Amino acid sequence: MRWQFIRATVSFCLSCIIAGLLLLGCSLHPSTANGKQVIQDQIAKDSAGRIRLLTFQKTNALKREEFGVKKYDMEFEVEIEFTESCKWVIKPFEQQLSFITSKPLPESQSAVMKLFDEVANSGALVRKGERAQLSGIIHFVKMENGWTVGYMELSKFNIGKPTKGDVSFVLKIDVTSIDPAARAEAINQAQEILKRRMKQIGVSKLMVNSIGKDQIQLQLFGLDENTMKVVRRAIEQSGHLEFRLVHAKNDQLQAESSSPYFHPPVGYTNLVQNIKGTEGQGNLTRRYFCKPTSENDMTGKYIERVSITSDSIGRPQIWLIFSQEGTASLGRITGSNIGQQLAIIINGEVQSVPVIRNAILDGRMEILGNFGTSEAKQLVSVLENPLATPIKIIEE
């Protein structure tokens, strides 16, 4: 993305907010939601519907007191989008920067009128779909009946066009199983995990911020075609890893399963492994009667590190490196089940079903899946950064 970079350190009074005394209650300090509302209200008042707020992110905050008056400075970053071509009115000589917009003068206007407009209303001509990124500080003041906005100081803004490869998601987090007191922390944790996952699959430019009590907005910029293919899975997969033993007579049972008189083995679940076919061949499916839960509670919580290597012909391989406790548990499982198959399952999908040849005592296990390099990176990212709560994309 090519940005026209403009720096300005200016401040202005939000007269409309001061006049209306937007009070934020008697909380200890204004919240991120309060800051976002300030920006939304100012955009609604100034822009005549020509500007849409895309993201608001609080980047820092400072509590202070001057002459007995409590103050709270909230640093922020926002991104806005212009919903129609217009002039974004800027008056740097008056130390003002607002969201005021006006329609550009038509081409038929005389040169004198255009010159008058340029002098009276210094501004930037923007086209529909262009975006701007701004950062600055909202200065809140504590009054008798709550917090109000004193003024807002903007430090810089960039104007540019969205480019191919930019995408925005609104995500919903299932917090129903989380204690209400711990939900805010779960949202913060999910944001950090998403950042790590995106960076591991090659996304270097991104913005993440919370929306309400159970939603997150994730914006990604400059994605190439390969990264775009795996990003959805990298977002939604929880990273749940299981190791389930396969029934000793699986092949025989699968052969008999087509009979109308067949009775599935008690205590086993029939799972499917989807295997991509080589060039010119269709995909394959294999079925395995697996135990319903992971053996000895062996899950991804015992994974210390995940890495990617290549085999002799360049195919990606994923290696799981277990913690000390996980190494001991893996040794017990493999040592007591030599000759049996062990299904490695990620997010309910069978990835690999190796035969246990001997006890694995060094805490290292290989996943021999049928995946390309991009898919391998996405799996590594998910396994190294498991989500405690399910996430679903509700808007893209």
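Throughout, read-outs are computed from the coordinates displayed, never taken from laboratory work. Note that the coordinates shown come from a computational prediction; the quantities given were computed from them, not determined experimentally. Neighbour counts run over all protein chains shown; Cβ positions are idealised from the backbone, glycine included.
Under the simplified labelling scheme, the R232-I308 pair shows an inter-label distance of 2.0 nm, with each label point 7 Å from Cα along Cα→Cβ. Listed from fewest to most Cβ neighbours within 10 Å, the set T269, T176 follows the order T176, T269. Coordinate range of the alpha-carbon atoms in the stretch 241-308 per principal axis, descending: 45, 39, 14 Å. The residues packed around Q252, meaning those with a beta-carbon under 15 Å from its beta-carbon, carry a net charge of +1 if Lys and Arg are +1 and Asp and Glu are -1. Round to a whole angstrom and tell me the spacing of the C-alpha centers of the stretch 315-362 and the stretch 35-93. Cα centroid to Cα centroid, the span is 52 Å.
In this model, which of K71/K213; K58/K392; K229/K301; K63/K128; K276/K377 are farther than 29 Å apart at the alpha-carbon? Beyond 29 Å: K63/K128. Both radii are taken from the alpha-carbon atoms of the stretch 241-387; with Rh as the Kirkwood radius, Rg/Rh is 0.97. Using only alpha-carbon positions in the stretch 219-274, the gyration tensor eigenvalues give semi-axes of 40, 13, 9 Å once each is multiplied by 5 and square-rooted (largest first).
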